[in-house]
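Only one structure is covered here, and it is reproduced in the block below.
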Amino acid sequence: MRRLFELDHVVYFTTKNPQQIVEQEQIEGIHPVKGGQHLHWGTYNALFYTKNSYIEWLAVEDENIAEQSTQPLVKQLLYDIVDDEGFASLCLRSNDLEKKNRYFKKMGYRTSGIIHAERKTDSGELRKWKMLFIDHKINHTLPYPFFIEWEKSIEERYASLREDGTIKPENEELAIKRCIFHVKNVEEKLTHWSRLLSLPTKGNTLKLANTTFVFEEKLDSKERLHTIEIVKG
């Protein structure tokens with residue numbers, strides 16, 4: 001079966017600013033960089049790239065702007081961060097979000113519609129993309145993945161990131177092999193995500209082109225992305 005999506009990035013909610021993340025995670029042997037500011041959302045981030053996906057540490061920079069935002073991920077950030085820091089959600093890459101939006105609506109999903117987005121880097125460069133969310137109530141249940149279409153191709157983006165030193169050769173030796181979710185009903189979530197992503201299930205997993213989703217039962221916590229596994233290769 002043709003796979004429609006690839007993992008673009010996983011999102012970790014934090015109260016730390018990007019500089020703190022850069023300094024802290026370097027101690028752990030990972031070398032993230034400051035990403036930039038989402039001026040319309042009141043957030044900023046740090047990023048750590050692997051060969052075809054990345055980790056985003058997302059935090060609130062301007063609480064007033066963030067609280068007024070209708071962007072679903074910002075609303076989830078404000079909801080989740082009250083309890084604790086941690087992995088929260090993930091984003092899948094597409095090359096035609098308009099087409100995917102029509103596809104989801106045809107299947108009966110309500111969506112956010114296409115959201116145009118941008119991030120201002122420290123150098124003042126604007127990086128632009130489109131986003132799409134499946135409508136869901138923000139609570140303790142597992143949010144669906146959200147979707148992204150970059151203004152530039154992954155080859156163009158990675159060439160630029162290599163040139164400015166964001167991606168080093170050792171980054172591209174690593175891959176996010178597995179994304180592990182804690183949920184209350186594994187079979188139910190597998191069914192929902194399998195239908196959304198048009199992917200077959202195998203045991204408690206869904207396999208994308210560049211990673212595997214694993215669903216594990218955990219009854220006493222919020223349903224969220226819990227852990228990722230990064231490997232060489």
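Conditions: (1) at pLDDT below 95; (2) within 26 Å of Lys202 (Cα to Cα). Arg93 meets all but one. Number of the miss?
All conditions are met except number (1).
Conditions tested, residue by residue: (1) within 18 Å of the chain's Cα centre (by Cα); (2) surrounded by fewer than 21 Cβ atoms within 10 Å (Cβ to Cβ).
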| residue | (1), (2) |
| --- | --- |
| Leu4 | yes, yes |
| Asp8 | yes, no |
| Pro18 | yes, no |
| His31 | no, yes |
| Lys34 | yes, yes |
| Leu39 | no, yes |
| Glu63 | no, yes |
| Ile81 | yes, yes |
| Lys100 | yes, yes |
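Under the condition of being farther than 13 Å from Val11 by Cβ and open to solvent by less than 60 Å² (accessible area, probe 1.4 Å), which residue from the range 45-61 is farthest from the chain's Cα centre (by Cα)? Break it down stepwise before answering.
Quick first cut of the range 45-61, residues farther than 13 Å from Val11 by Cβ only: 49-52, 60-61.
The next check asks that each one be open to solvent by less than 60 Å² (accessible area, probe 1.4 Å); those that pass are 49-50, 52, 60.
Values: Tyr49: 12, Thr50: 13, Asn52: 13, Val60: 16 Å.
Among residues in the range 45-61 that are farther than 13 Å from Val11 by Cβ and open to solvent by less than 60 Å² (accessible area, probe 1.4 Å), the one farthest from the chain's Cα centre (by Cα) is Val60.
Does Ser112 satisfy the condition of being open to solvent by less than 40 Å² (accessible area, probe 1.4 Å) and in contact with a Leu (Cβ under 7 Å, 6 or more places away or on another chain)? Let's see the steps before the verdict.
Numbers: open to solvent by less than 40 Å² (accessible area, probe 1.4 Å): no; in contact with a Leu (Cβ under 7 Å, 6 or more places away or on another chain): yes.
It is false that Ser112 is open to solvent by less than 40 Å² (accessible area, probe 1.4 Å) and in contact with a Leu (Cβ under 7 Å, 6 or more places away or on another chain).
The values are calculated or read from the model by the stated rules, or taken from the named source; none is laboratory data. Here the structure is a predicted model, which is why all the values come from computation and not from measurement. As a convention, Cβ positions derive from the backbone with ideal geometry for all residues, glycine included, and neighbour counts pool all protein chains shown. Quick note on the areas: whole protein, heavy atoms, side chains included, nothing else; ligands and nucleic acids left out. Shrake-Rupley method; radii C 1.70, N 1.55, O 1.52, S 1.80 Å.
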